[in-house]
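The values are calculated or read from the model by the stated rules, or taken from the named source; none is laboratory data. Note that the structure is a prediction, hence the values are computed from the model and not measured. Methodologically, a virtual Cβ is constructed for each residue, glycine included, from the backbone with ideal geometry; neighbour enumeration extends over all protein chains shown.
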Amino acid sequence: MTEKLIVIALGGNALLQRGQRGTFGEQYQNVGTTAKKIADLIEQGYRIVLTHGNGPQVGATLLRHEAAKDTVPALPLDACGAETQGLVGYMIQQSLRNELKARRIEKYVVSVVTRTIVDKHDSAFQNPTKPIGPFYSKDEAERIVKRRPDLFIKEDAGRGYRRFVPSPDPKIIAERFAIKALVDAGFVVVACGGGGIPIIEEDGHATGVEAVIDKDLAGQRLATLIGAEVFVILTDVPGAYINYGAAGQEMISEITSGRLRNYLNQGHFKEGSMAPKVEASIRFVESGGERAIIADLGSLIEALENRTGTHVVAPKA
């Protein structure tokens, strides 16, 4: 029986499958399937911390706020992040606890509403790159900006106009000590959902900011701060590829962080997709982690047994 601490970053396919509308029932069913895989690891003795994305959930929340803006006040983006952390945390917490009880495993699952501290001088605040929420026509976009000049709205790849927000680099997970204490006490913890709620701290005072943090970079920061041995990023492809989608496409199996950094600098990984996963994996290993893994959700056990996925390790001394 192993007692290794693993942080697992669940990809969007753990919550929402392609072609689904995103009803609560669909998401809850998908989470139930994921819970079985996590329970398998707990049976093997792993200590588990789970992080997750919240992109579709935040998008749906913003749509609801837009539709009801004349009836109830809309909430700022950091509050929407807190809302979706609670929603997704509840689904994971309940599904996994039910699965553990069915297996007669006396483990409790807790969700921590998690804040992530960012630097107010991060260049991302001058260059919003993360699209969120619904698409608008040009006329709709102009009306919104007239009403809310603080919003940054521009055309998104010819598909219409959309709001863009900053995506600053995560620096510190505010609740890291509480999360570590819960893990050490034997709890399975769900934390850092959607990258965490972005906050800026000045003179001991925290303020939420209108931004979205990459969930994999935040997951790495959490994994490093709580001393995890392994960091697993689950997605909808078997691993990281060089020459992806082109002639000579090849999946990377095991690679040192330095060599992977070279591939990243050469532009092999798409921004906003595989690139942050690769960056997070490199950071984890270079910060003292034993191994980072990028793998398909359905192959979690096989990936931990080193039978599939992309494994990032430190160079041999």
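On the stretch given as the stretch 275-317, residues that are part of a helix (DSSP H, G or I), farther than 18 Å from THR224 by Cα and not acidic (Asp, Glu) total 8. Scanning the stretch 271-306 for residues that are exposed (fewer than 13 other Cβ atoms within 10 Å of the Cβ) and either under 18 Å from the mean Cα position of the chain (by Cα) or among the acidic types (Asp, Glu) (or both) gives GLU271, GLY272, SER273, GLU305. Is it the case, given these coordinates, that PRO131 is out of contact with any strand residue (DSSP E or B) (no Cβ under 8 Å at 6 or more places or on another chain) and modelled with pLDDT under 90? When the stated conditions are applied, PRO131 does not pass them.
In this structure, does LEU151 turn out to be out of contact with any Phe, Trp or Tyr (no Cβ under 8 Å at 6 or more places or on another chain) and assigned by TED's automatic domain parsing to the domain that holds THR84? Taking the combined requirement at face value, the residue does not satisfy it. What are the residues in the stretch 199-231 that are out of contact with any helix residue (DSSP H, G or I) (no Cβ under 9 Å at 6 or more places or on another chain) and either under 18 Å from SER123 (Cβ atoms) or crowded, with 24+ Cβ neighbours inside 10 Å (or both), if any? Hit for the stretch 199-231 is ILE200, nothing else. The strands (runs of 3 or more DSSP E) falling completely within the stretch 162-274 that include 3 or more residues that are more than 18 Å from GLY89 (Cα to Cα) and touching a residue at least 60 places away in the same chain (Cβ under 8 Å) map to 197-202, 230-235.
Look at (1) in the same structural domain as VAL88 (by TED's automatic domain parsing); (2) more than 17 Å from VAL118 (Cα to Cα); (3) modelled with pLDDT under 95 and you find that GLU202 fails only one, number (2).
Of all residues in the stretch 291-307, none satisfies the criterion of being polar (S, T, N, Q) and touching a Pro at 6+ places or on another chain (Cβ under 6 Å). ILE117: within 21 Å of ALA185 (Cα to Cα) and either touching a residue at least 60 places away in the same chain (Cβ under 8 Å) or among the charged types (D, E, K, R) (or both), yes or no? For ILE117, the condition - within 21 Å of ALA185 (Cα to Cα) and either touching a residue at least 60 places away in the same chain (Cβ under 8 Å) or among the charged types (D, E, K, R) (or both) - is not met. Taken over the stretch 2-28, the criterion of being within 17 Å of LEU87 (Cα to Cα) and surrounded by fewer than 16 Cβ atoms within 10 Å (Cβ to Cβ) is satisfied by ARG21, GLY22, THR23, PHE24, GLY25, GLU26, TYR28.
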